[in-house]
1. So what's the gap between the Cα centers of segment 348-395 and segment 145-223, to the nearest angstrom?
2. Specify the residue with the greatest mean-square fluctuation among GLY51, GLY194, GLY148, computed from a Gaussian network of the chain linking alpha-carbon atoms under 10 Å apart.
3. Which whole-Hz couplings ³J(HN,Hα) result when phi for each residue of segment 96-105 is put into the Karplus expression 6.51 cos²θ - 1.76 cosθ + 1.60, θ = phi - 60°, listed in order with x for Gly and Pro?
4. Using the Kirkwood radius over C-alpha pairs as Rh, can you work out the diffusion coefficient of segment 163-257 via Stokes-Einstein at 20 °C, viscosity 1.002 mPa s, in µm² per second?
5. Taking Cα atoms of segment 73-230, Rg/Rh with Kirkwood Rh, to two decimals?
6. In segment 7-100, carbon and sulfur make up what percent of the accessible area (probe 1.4 Å)?
7. What's the carbon and sulfur percent of segment 181-251's accessible surface, probe 1.4 angstrom, rounded to a whole number?
8. So which cysteines in the chain don't have a second cysteine's C-beta under 4.7 Å from them?
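The values are calculated or read from the model by the stated rules, or taken from the named source; none is laboratory data. On a predicted model such as this, the values are computed, not experimentally measured, just so you know. Using ideal geometry, Cβ is built from the backbone for each residue, glycine included, and neighbour counts are taken over all protein chains shown. Ligands, DNA and RNA are stripped out before the accessible areas are found, and what is left, the full protein with its side chains, is counted by its heavy atoms. Shrake-Rupley method; radii C 1.70, N 1.55, O 1.52, S 1.80 Å.
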Amino acid sequence: MTRSAPDSCPGVLRLHEAADGPLARIRLPGGRLRPDQLLALAEAARDLGDGGIELTSRGNVQLRRIGDAGALADRLGAADLLPSRTHERVRNIVASPLSGRLGGLADVRDLIPRLDDALRAAPALAELPGRVLFTLDDGRGDVSGLGGDFGIHAVSADDYALLLGGRDSGIRVPHAQTVEVLLAAAHEFQGLRGERWRLHEIPDGLARIVAALGVEPADDLLESPAPQDIPIGWCTQDDGLVSLGAGVRLGALPGRTAEFLAAVDRPVVVTPWRSLVLSDLDEWTAEQVVRVLAPMGLIFDAASPWLLVTACAGRPGCAKSRTDVRADAAEAVTEGRISPNGTPRPGHDLAASEITVPGRQHWSGCERRCGRPRGDVTDVVAEPAGYRVTLPSRA
Ligand code: SF4
């Protein structure tokens, strides 16, 4: 596959001209945010954007309707959210959100800044396409199935499988060498890719990179799952403190809610499932957070139907959209038409009010289905005469 159009992924220094105004995407390696950075984002959204913060499927965030791009870059730079002007769009790194706090085989937290630093120090990698994704999975299998280009997946406390194009390459590396090997693979990709944006688009890309790395692969390969493994609610950490997983309705975090979260003064992770993890809380504080923020719309109940539904930007943000899909999806949830169990039925030319879909589902304003999660997801797509519901097996 070759591309006729240049890579146009938005960033902070290159905004996307959305139908409702300029849009900025801010990379957050590992989804990690200090409280002061979350507050800076909330204030920037309030003062320079539409007031909200959108969470993306790569654990990044977006601000819409940016009125002063220069002022935004200045503010984000002051908050350490724009550490590179040359590499800002290639810092797409997702990592297991709970790593080092509970579960997993290894602790990948230190690898996030190390990989970010190494990426930014490599001049040739400034030209990586903005769609390239790095995944750091601590062995629990939550992010290896997200379709990354270059990843590591812990197979023990100190050993990792190198994933290429989301598949196990057979190469095994110790913790200390993971960043070096990921960078070497990314450099090889740059040499091979031509106009291609993703590793899986290169014929025999995995085998060619393995050969170029000159490492003998193992025969015993891992399967890469695509689990829907959203940490929601109360999670007791190994050290006795608490992490709270919070779902965010359709990934739209109101700036005011973000300000409350920042005031808790604990580390925040934006997950690739458009949710948040607030960590290192004592029990009393965790209870107060739930008591205050649940009424503001954050979801701490893993059975909430909101967690089943994702949606593209739709109208008014996207000119291609046939309708306001987010409003239609939200109405379906609030009217009780989304349930966890049941058998979805296909249909077409449906009014929004007729749609009753069980299970995971993605609503789109056109056939492109932007932001669709991986795995078994029912598609609800706006067509000229109404919505079409397509079963997961046909997606
Ligand atoms: S799926 Fe279509 S309508 Fe939705 S954001 Fe993508 S291009 Fe726009």
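1. 33
2. Taking springs between Cα atoms under 10 Å, the residue moving most is GLY194.
3. 3J(HN,Hα) across segment 96-105, in whole Hz: 4, x, 9, 4, x, 9, 7, x, x, 8.
4. The Stokes-Einstein estimate is 127 µm²/s.
5. Using Cα coordinates only, the ratio equals 0.96.
6. Carbon plus sulfur share of accessible area: 45 percent.
7. 47
8. Cysteines of the chain left without a disulfide-compatible partner: CYS9, CYS235, CYS318, CYS366.
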